[in-house]
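Q: Sharing a structure here in structure tokens format.
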Amino acid sequence: MITSAQMRAARALAGIDQKALAEKAGLSVPTIQRMEASEGTVRGVVDSLTKVIQAFAELGVEIIGEGQASAGGGRGVRLKVSGSEG
């Protein structure tokens, strides 16, 4: 669904800190900290993950899953899979 690296990168793109994300998503700062400290895919309550993704969407940040195309057409970044070309 979303990785901890995506969360940190999305926060950086939005120019917000963990406290601001927590407030926007209606979650606690420790919840955001736990999510961002995860290795790989963030594990947690689906409702909390949904709130984070929705908060980013409202901030204009699109979370792009592996292998998905971005429909937004805006600027962005994508992390390449290790060892892949182009």
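A short reminder: the numbers here are calculations on the coordinates, not readings from a lab. Small disclaimer: the values here were computed from a predicted structure and weren't measured. For neighbour counting, all protein chains shown are included, and Cβ atoms are generated from backbone atoms with ideal geometry for every residue, glycine included.
Q: Name the residue, out of G15, G60, G26, that is more than 10 Å from the chain's Cα centre (by Cα), surrounded by fewer than 16 Cβ atoms within 10 Å (Cβ to Cβ) and within 17 Å of R78 (Cα to Cα). Steps first, answer last, please.
A: Details: G15 fails: within 17 Å of R78 (Cα to Cα); G26 fails: within 17 Å of R78 (Cα to Cα).
Matching residue, one of G15, G60, G26: G60.
Q: Does G40 count as small (G, A, S) and either surrounded by 14 or more Cβ atoms within 10 Å (Cβ to Cβ) or closer than 15 Å to T3 by Cβ (or both)? Let's see the steps before the verdict.
A: Numbers: small (G, A, S): yes; either surrounded by 14 or more Cβ atoms within 10 Å (Cβ to Cβ) or closer than 15 Å to T3 by Cβ (or both): yes.
The answer is yes for G40.
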